[in-house]
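The values are calculated or read from the model by the stated rules, or taken from the named source; none is laboratory data. On a predicted model such as this, the values are computed, not experimentally measured, just so you know. Every residue, glycine as well, gets a Cβ built from its backbone with ideal geometry; the counts of neighbours run over all protein chains shown. In case anyone asks, the SASA skips ligands and DNA or RNA and just uses the protein heavy atoms, side chains included. Shrake-Rupley method; radii C 1.70, N 1.55, O 1.52, S 1.80 Å.
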Amino acid sequence: MSAVAGLWTFDGGAVAADGDACRAMLLAQQAYGPDACDAAHLGSLSLGRNLYRLLPEDRFDRQPLMSGDGRFALVADVRLDNREELLAALGICNDRGEGLADSAILLHALERWQEGAADRLLGDFAFAFFDATRQRLLLARDALGQRPLFWHRGPRHFAFASMPAGLHALGTMAAEADGRSLARYLASLPLDGPSSFYQGIQRVEPGHIVAVSPEGIESRRYWTLRPPLLRLPRFEDYVEAYREELDAAVRRRLRGVEGVVATHLSGGWDSSAVTATAARLAPATKILALTAAPRTEQPAPANRFADESALAAATAALYRNVEHAIVPHPKRSPLADLDGNLAAFGRPSFNPCNHVWLSDLRERARGAGARILLTGEIGNWTISASPNTLLADYLRSGRWLGWLREAMAMVRGRRARLRGVLASSFGPWVPDTLWRLTQPFSSAPDPARVTALRPAWRAALEAEQRALGVGHARRPKDYFAYAREAFLTEMDFGQYRKGILGGWGIDKRDATADRRLVEFCQALPLEMLLSRGQRRPLARAALADRLPAEVLDARGKGYQAADWHEALTRDRPAISAVVDRIEADPAASSIIDVPWLRAALAEWPTEGWHDRRIIVRYRIALLMGLSAGHFALSTRASPVRPER
């Protein structure tokens with residue numbers, strides 16, 4: 001991994017020529033690359049990188065890289081998962097390729113294919129590629145957004161950096177929160193296009209290329225995620241293909257492992273599949289499987305279970321090289337971690353409650369000497385995807401008999417209630433007005449409406465919430481199109497990945513975010529995800545060779561940090577103090593609904609913490625409001641109102 005930075009002035013000024021500004025940007029990102037810091041100064045352009053050596057070939061890294069004729073320059077934060085394919089396509093023999101860092105192979109690819117190279121890359125990357133002849137700078141990120149890259153356009157300059165802190169080190173702009181992005185965060189909406197959480201700073205969006213010239217900036221998506229439908233002769237062929245893709249995805253993320261590799265192991269299919277697959281592929285490597293568990297017995301919401309350690313232990317017991325460690329939920333509240341999380345990630349935490357126990361898992365991994373942590377974070381969208389909305393897909397595709405068979409099987413098998421089946425099936429076709437009239441009768445709280453966002457902002461963002469299916473908004477007619485849009489707009493984990501590296505020295509790698517695995521899962525026929533009333537029939541059959549029956553047969557989902565409320569209750573005085581600060585700050589209070597926060601404090605529950613209404617109000621909405629307020633207070637921000 002690396003942290004990159006660069007500055008391009010359009011008037012030939014001395015800012016870039018002496019390189020001081022670029023060095024300041026690199027210094028601000030030193031935590032993300034402590035092993036080497038190098039920069040090059042090319043007249044009006046300065047660029048450099050900080051290196052964190054995690055791969056065997058990193059010892060050959062000599063960035064910034066220049067082409068032999070001096071035309072091209074490159075800095076990259078990159079792990080290439082298809083090195084051999086690229087070397088073959090470039091005509092570079094394996095003997096020579098063994099002495100090349102991933103960045104050097106990337107430079108060869110960019111020289112050959114220019115911006116077309118991005119779509120040929122497999123792995124996690126963010127890079128900046130300068131063409132002196134065309135006076136053009138290309139910025140690009142990997143398809144699933146695993147590496148971050150930000151940019152800023154000033155009056156006579158353009159700057160880029162892996163993290164916002166690098167751009168703020170220029171001193172040309174204040175670290176000011178973007179109020180509209182904070183409002184979207186509280187509304188559970190993704191960032192708007194290339195926006196970031198800071199004024200004046202834009203993201204390179206996942207799967208995008210940004211082309212920069214003195215005349216202007218253009219961004220385009222190079223990854224569209226439209227694989228053709230996969231048709232195989234037999235169900236067994238799908239099982240074999242699934243296993244091959246999962247094995248390949250995990251194998252790619254084992255590169256560079258030395259000694260011990262850590263995994264996050266819950267009781268669910270996704271993390272269990274990643275852990276088991278890693279153990280099978282690397283039998284001589286110690287796998288430290290980390291499971292979070294409540295300190296004491298706790299109730300859980302309906303169809304959830306609070307302690308996943310027994311199921312996780314069943315998976316770990318199948319493999320001799322897996323050491324299972326149960327990590328009790330820490331006693332501190334999420335408020336205690338707000339400063340540290342902001343310093344590490346440079347943004348408000350999406351789920352502050354989970355960051356508490358995740359931090360302890362990372363500490364345990366670091367203490368054991370692991371530098372790589374494997375996860376299955378987006379498995380619900382890939383290897384184990386099977387939402388109830390698939391019933392609408394049967395109707396959309398005209399398969400009425402198939403829909404009737406699946407709906408009846410789900411109800412008879414008690415896998416879904418009749419009301420839920422009907423809502424999932426016909427909801428997408430119900431007019432908006434009629435659908436909204438049914439929501440007050442819903443037994444579950446609507447996360448889109450239970451929020452610390454001011455009412456004016458809620459009204460301004462309501463239409464977009466409905467369009468994206470946030471909260472109780474109607475589910476989509478086409479699940480695959482819905483999932484595709486989520487991959488292309490919502491899956492941006494770059495700042496979290498970089499923050500975990502800088503804060504804990506851990507390279508977090510999600511095998512379920514492998515591009516080829518994602519494309520395979522998006523190409524599956526509908527009946528591989530829902531058949532005979534059984535969800536995930538393909539995944540169930542494919543994972544039977546590596547997971548215990550009790551994991552595959554478990555009803556419900558794990559509910560992590562079930563004792564979250566204990567520390568939060570103890571911290572009520574601190575919460576009240578934060579609310580006072582939010583109220584006194586014009587910028588923070590222009591976005592956050594302070595009366596809502598005060599009402600939540602005044603109506604603090606004494607029991608029933610597993611009730612979904614309490615969970616949505618306190619574990620989700622209250623903590624997100626505090627996180628957004630903390631972010632606004634920690635930056636210089638201006639009051640902002642929703643656009644009419």
ask   = Which value in Å does the Kirkwood hydrodynamic radius of region 1-97 take, with 1/r averaged over all unlike C-alpha pairs and then inverted?
value = 14.5 Å
query = Over region 338-436, one equal point on each Cα, no solvent: what is log10 I(q)/I(0) by the Debye formula at q = 0.19, 0.24 Å⁻¹?
reply = -0.94, -1.29
message = Could you put His565, His108 in order of accessible surface area, largest first, with the 1.4 Å probe and the full protein assembly present?
response = His108, His565
query = Nearest 0.05, what FRET efficiency do Arg613 and Asp553 give at R0 = 25 Å with Cβ-Cβ as r?
reply = 0.25
remark   = Summing -39500 (n - 2.57) over every DSSP H run of at least 4 residues in the chain and dividing by its residue count gives a helix-only mean residue ellipticity at 222 nm, to the nearest 500 deg cm²/dmol, of -11000 deg cm²/dmol
inquiry  = Kirkwood hydrodynamic radius, region 274-408, all distinct C-alpha pairs: what's the number in Å?
reply    = 18.1 Å
remark   = Taking every other residue with Cβ under 11 Å from the Cβ of Asp102 and scoring Lys and Arg +1, Asp and Glu -1, one gets -3
task = On the full set of protein chains, 1.4 Å probe, figure out the accessible area of Glu98 and give it in Å² to the nearest 10.
result = 120 Å²
request  = Quick one: divide the alpha-carbon radius of gyration of the chain by 2.2 N^0.38 Å and tell me what you get.
outcome  = 0.96
remark   = Once all protein chains are kept in place, Lys477 shows an accessible area at probe 1.4 Å, nearest 10 Å², of 90 Å²
query = Using the heavy atoms of the protein chains alone and a 1.4 angstrom probe, what is the accessible area of the chain per residue in square angstrom?
reply = 40 Å²
query = Sorting Trp8, Trp604, Trp400 by accessible area (1.4 Å probe), largest first, what list results?
reply = Trp400, Trp604, Trp8
inquiry  = For a protection proxy built on the mean count of beta-carbon atoms within 10 angstrom, sort 527-535, 41-49 highest first, please.
reply    = 41-49, 527-535
query = If you roll a 1.4 Å probe over the chain with all protein chains in place, what percent of the accessible area is carbon or sulfur?
reply = 51 percent
request  = Using amide H atoms built 1.01 Å from N in the peptide plane, name the residues 5+ places from Gly558, or on other chains, whose amide H lies under 5 Å from its own.
outcome  = Phe305
request  = Under 12 Å Cα to Cα from Lys331, which aspartates and glutamates show up? Leave out anything in the same chain fewer than 8 places away.
outcome  = Asp360, Asp563, Glu566, Asp571
query = To the nearest 0.05, what FRET efficiency results for Glu218 and Lys477 with a Förster distance of 45 Å applied to their C-beta separation?
reply = 0.85
task = Could you pull out which residues in region 160-198 have an amide N less than 18 Å from a spot 7 Å beyond the Cα of Ala24, following the Cα-Cβ vector?
result = 160-176
ask   = On average, how much area does the Cα convex hull of region 127-187 cover when viewed from any direction, in nm²?
value = 5.8 nm²
ask   = Stokes-Einstein D for region 514-599 at 37 °C, 0.692 mPa s, Kirkwood Rh over Cα pairs, in µm²/s?
value = 182 µm²/s
request  = State the dimensionless ratio Rg/Rh of region 85-203 (Rg: radius of gyration of Cα atoms; Rh: Kirkwood radius).
outcome  = 1.06
query = On full extension of the chain, what length is gained from Arg71 through Arg295, given 0.36 nm per residue of separation minus the C-alpha to C-alpha distance?
reply = 74.7 nm
remark   = Summed over the other residues with a beta carbon less than 9 angstrom from that of Gly379, with K and R at +1 and D and E at -1, the charge totals -3
query = Cβ under 9 Å from Leu390's Cβ, Leu390 left aside: what net charge do those residues give with Lys, Arg +1 and Asp, Glu -1?
reply = -1
request  = Taking each pair of different alpha-carbon atoms in region 231-296 once, compute 1/r for the pair, average those values, and report the inverse of that mean as the Kirkwood hydrodynamic radius in Å to one decimal.
outcome  = 13.4 Å
